[in-house]
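All remarks here apply to the structure that follows.
The values are calculated or read from the model by the stated rules, or taken from the named source; none is laboratory data. Predicted model only: the values in this text are computed from it and were never measured. Please note: Cβ atoms are built from the backbone with ideal geometry, for glycine as well, and neighbour counts cover all protein chains shown. Note: areas computed on protein heavy atoms with side chains; ligands, DNA, RNA excluded. Shrake-Rupley method; radii C 1.70, N 1.55, O 1.52, S 1.80 Å.
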Amino acid sequence: MGFRCDLLLLFTTLVLLSTRTPTVLSDVILSKVDRRIDLTSQIVRVTSTLKVENAGPGPVSEVLLTFPEIQAKNLAYLKATLNEGKGKVKNTGSNLPINVSNPEELPPSLIFHSVSLPKALGEGDSLTIDVLAVFTHVLRPFPEEITQADIQLVLFQDTAHYLSPYAVKVQSLTVKLPKARIEMYTKLENTNIHGSDIKYGPYENVPPFSYAPVVVHFETNQPFAVAQELVREIEISHWGNVQVTEHYNIVHGGAKSKGEFSRLDFQARPHLRGASAFRNLVAKLPPRAHSIYYRDEIGNISTSNVWGDPKKTELLIEPRYPLFGGWRTTFTIGYGLPLQDFLFGSEGKRFLNFSFGSPINDLVTDNLIVKVVLPEGSDDISISTPFPVKQGQETKISHLDVAGRPVVVLEKTNVVPEHNQYFQVYYRFNKLSMLREPFMLISGFFILFVSCIVYMHVDLSISKSSASYLAKLQWDEVRATIQQVISIINQCLSKHERLEASLHDLSRTGDVQACKTARRTADSLFKEYSKELKPLLSFLQSSPQATQILPKVEELMAKEKELQERLIAKHSTIVDCYEKKIGGRELENRVASHQLKVVALKQEVEDLLDYVEEI
């Protein structure tokens with residue numbers, strides 16, 4: 001639909017021009033025009049060779065180039081150079097200046113560019129100019145949606161007559177197509193096909209603003225790779241490296257894919273079941289590029305190859321999946337370059353000489369942002385570019401930065417490979433500033449080591465006369481005392497187990513004397529343990545730090561004492577029964593009450609021990 005509207009507007013404009021008397025700004029005549037339109041990629045390149053003559057008495061210092069407004073909005077690049085004839089471009093070292101012009105009494109639907117001549121043409125003089133116009137987004141997919149198995153067809157529209165405010169004596173047009181079939185093309189007088197070229201003309205004595213619309217409908221499966229946004233960051237390090245990082249957001253700008261995608265069909269017959277898709281891109285990097293990487297949001301992508309020679313380094317970029325029409329992908333490539341190849345000195349200033357556009361072949365960039373990160377401390381910054389760009393500055397904070405690094409930001413829309421020209425960023429930088437980061441590192445390590453030495457040799461303990469220190473000492477004494485109490489209680493419990501073991505031996509051997517001896521030994525040990533516990537308990541009762549734990553310790557000692565008494569009573573009862581030959585149920589009845597109490601007391605003592613040990 002958009003293509004039909006553009007075509008209608010173009011035809012309407014040309015009809016209006018043909019029905020009115022054109023205004024001729026000077027007595028300029030184009031004696032010969034030879035146009036060549038290259039449609040072999042998504043970027044349309046129109047090369048025009050114009051032989052300009054001055055047929056009037058006055059001098060001519062400029063020549064107007066004309067483009068319809070609907071076509072001019074897609075004009076990405078325009079260049080004009082002198083031609084000495086026989087196809088040799090005059091070696092002037094620079095292009096002719098071109099500026100947008102607004103001549104009076106000419107239709108506003110046409111956009112004019114003025115080419116300034118190096119020397120005014122006198123009456124009867126002539127010269128030849130080569131004009132290169134590069135357009136993007138002028139090849140319209142038709143149909144706009146295709147399946148995986150379909151081929152991609154596109155439409156191109158233009159005029160067979162050179163659109164100009166000047167009369168043209170002789171002109172011709174050659175349209176170069178990819179080596180593929182032609183679905184349809186406009187047939188005019190003197191139209192011929194030679195291989196993949198369509199030739200219109202020659203046409204003679206063509207009046208100003210003459211037109212002859214042509215439409216070509218043809219097959220092309222060239223990659224329609226469009227970077228909707230590309231951010232290039234060029235970071236300068238005076239320690240010998242230029243680090244380049246490029247963030248791409250790429251979409252396939254051709255006919256949109258519809259229906260399902262079959263990976264199996266694509267792998268088996270990629271030229272039939274995916275002819276319109278592209279699987280890789282080629283980036284031409286500077287010859288001494290190193291530390292090259294290629295990754296996306298997931299991580300590193302291993303499906304890439306690098307090869308190079310002394311003149312260039314080529315990086316083959318293969319996305320994770322083939323790109324069909326409307327599909328998109330994002331990725332990042334980065335590489336390092338030797339500083340001496342791109343940084344130079346001039347008149348006390350340093351300047352970076354670097355290419356502006358993307359290194360990827362035949363890539364159309366809708367919005368390109370170039371960021372040049374200068375070293376911290378750079379000032380007196382100026383920029384020189386071969387074409388107009390939007391300029392700005394910002395600051396980037398990186399490692400070991402104090403005030404941040406100045407960043408030059410250049411932005412341009414509708415960028416093509418012809419914009420891959422060198423630009424310069426000039427700045428001043430004090431060599432002593434290079435010592436700032438090493439000095440910061442050395443100072444940091446020096447302070448760290450000095451701090452460690454001071455820490456190891458300075459007594460940072462709390463003063464021994466302070467209340468907190470005294471309280472800590474008292475608490476340490478309480479803890480040590482409690483540990484002694486616990487140790488004695490555990491020894492008592494160990495003796496309890498030995499008493500129980502002597503009763504088992506009595507039931508097995510019947511040796512009453514041995515059992516009595518074990519009881520007397522245990523009894524004497526219990527008395528010794530009791531003597532040891534008394535001073536410990538007295539200390540705890542006198543210490544203010546033991547206030548909270550003292551009741552539990554006292555309860556523990558009391559329960560253990562009661563347990564001793566119950567065990568001795570149980571032991572004596574069993575021994576007496578054996579001496580009196582009392583056994584069976586009567587023995588069990590006499591011991592039962594003691595046994596129940598012993599089991600309960602053991603559990604209580606163990607619980608109290610656990611509690612005290614936790615504290």
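Output the Kirkwood hydrodynamic radius of the range 402-536, Cα pairs only, in Å rounded to one decimal.
25.1
Treating each Cα of the range 267-381 as an identical point scatterer and ignoring solvent, apply the Debye formula and state log10 I(q)/I(0) at q = 0.17, 0.23 Å⁻¹.
At q = 0.17, 0.23 Å⁻¹ the computed log10 ratios are -1.02, -1.46.
Just to confirm a number: summing +1 for Lys and Arg and -1 for Asp and Glu over residues other than N305 whose beta-carbon lies under 12 angstrom from that of N305, what do you get?
Values: positive: none; negative: E314, E318.
Net charge in that neighbourhood comes out at -2.
On the first, second and third principal axes, largest extent first, how far apart are the outermost C-alpha atoms of the range 220-296 in Å?
Here the spans come out as 53, 24, 23 Å, largest first.
Show that you can apply the helix-only estimate: for the chain, add -39,500 (n - 2.57) for every DSSP H stretch of four or more residues, divide by all residues, and state [θ] at 222 nm to the nearest 500.
Working: 8 runs with 184 residues, N = 615.
Value at 222 nm, helices only: -10500 deg cm²/dmol.
Working from Cα positions, state the angle (0 to 90°, nearest 10) between the long axis of helix 584-614 and the longest principal axis of the chain.
Roughly 40 degrees between the two axes.
Between the range 227-262 and the range 373-449, how far is it from one alpha carbon centroid to the other, in angstrom?
22
Hey, could you grab the Kirkwood Rh for the range 364-465? Inverse mean 1/r over distinct alpha carbon pairs, Å, one decimal.
Working: mean 1/r = 0.0566 Å⁻¹.
In the range 364-465 this quantity evaluates to 17.7 Å.
Report, in listed order, any pair from K79/K187; K495/K561; K176/K258; K495/K531 with a Cα-Cα distance greater than 23 Å.
Numbers: K79/K187 30 Å; K495/K561 13 Å; K176/K258 30 Å; K495/K531 16 Å.
Correct reply: K79/K187; K176/K258.
What percent does the relative contact order of the chain come to when contacts are Cα pairs within less than 8 Å and at least six residues apart?
10
Given +1 on the Cβ of Lys and Arg, -1 on the Cβ of Asp and Glu, and no further charges, what dipole in debye does the chain carry about its Cα centre, rounded to the nearest 20? Before the final figure, lay out each step's value.
Values: 67 positive and 70 negative charges, 192 e Å.
Using Cβ point charges on Lys, Arg, Asp and Glu, the chain gives about 920 debye.
Tally up the carbon and sulfur contribution to the accessible surface of the range 571-615 as a whole percent, 1.4 Å probe, everything protein left in place.
Working: 1420 of 2950 Å².
Whole-percent figure for carbon plus sulfur exposure: 48.
Work out, step by step, the length gained on full extension between H217 and K561: first 0.36 nm times the residue separation, then minus their alpha carbon distance; give nm to one decimal. Let's see the in-between values first.
Values: separation 344, 0.36 × 344 = 123.84 nm, distance 11.11 nm.
Gain in length upon complete extension: 112.7 nm.
Just add up the charged neighbours of P388: K/R +1, D/E -1, any other residue whose Cβ is under 13 Å from the Cβ of P388. Working shown, then result.
Numbers: positive: K390, K412; negative: E411.
Here the count lands on +1.
Over the range 402-442, with a single point scatterer placed on each C-alpha, what log10 of the ratio I(q)/I(0) does the Debye formula yield at q = 0.19, 0.31 1/Å?
Debye curve over Cα of the range 402-442, log10 I(q)/I(0) at q = 0.19, 0.31 Å⁻¹: -0.78, -1.22.
Roughly how much of D296 is accessible, in Å² to the nearest 10, using a 1.4 Å probe?
About 30 Å², rounded to the nearest 10.
Going 7 Å from the Cα of L82 toward and past its Cβ, which residues in the range 36-53 have a backbone nitrogen under 17 Å from where you end up?
50-53
Based only on the alpha carbon positions, what is the Kirkwood hydrodynamic radius of the chain, in angstrom?
In the chain this quantity evaluates to 33.8 Å.
Where the centroid of each part is defined by its Cα atoms, how far is the range 196-210 from the range 97-176 in Å?
What the calculation gives is 13 Å, centre to centre.
What shape does the range 168-299 take by its C-alpha gyration tensor, where a ≥ b ≥ c are the square roots of the eigenvalues and a/c under 1.5 counts as rounded, a/b above b/c as prolate, and the rest as oblate? Spell out each step's value before the answer.
Details: a/c = 3.10, a/b = 1.60, b/c = 1.93.
Here the range 168-299 falls in the oblate category.
Positive end of the dipole of the chain, charges at C-beta (+1 Lys, Arg; -1 Asp, Glu), about the Cα centre: which of M557, Q71, V408 has its Cα farthest in that direction?
Of the listed residues, the answer is M557.
I need two numbers for the range 262-316: Rg to one decimal and Dmax as a whole number, Cα atoms only, in Å.
In Å, with Rg to one decimal and Dmax whole: 14.8, 42.
Just reorder M456, M440, M557 by solvent-accessible area, largest first, 1.4 Å probe, all chains present.
On the way: M456 145, M440 70, M557 30 Å².
Of M456, M440, M557, the descending order of accessible area is M456, M440, M557.
If the chain between L470 and R590 were fully stretched, how many nm would it gain, using 0.36 nm times the residue separation less the Cα-Cα distance?
Working: separation 120, 0.36 × 120 = 43.20 nm, distance 5.52 nm.
The span from L470 to R590 would gain 37.7 nm if fully extended.
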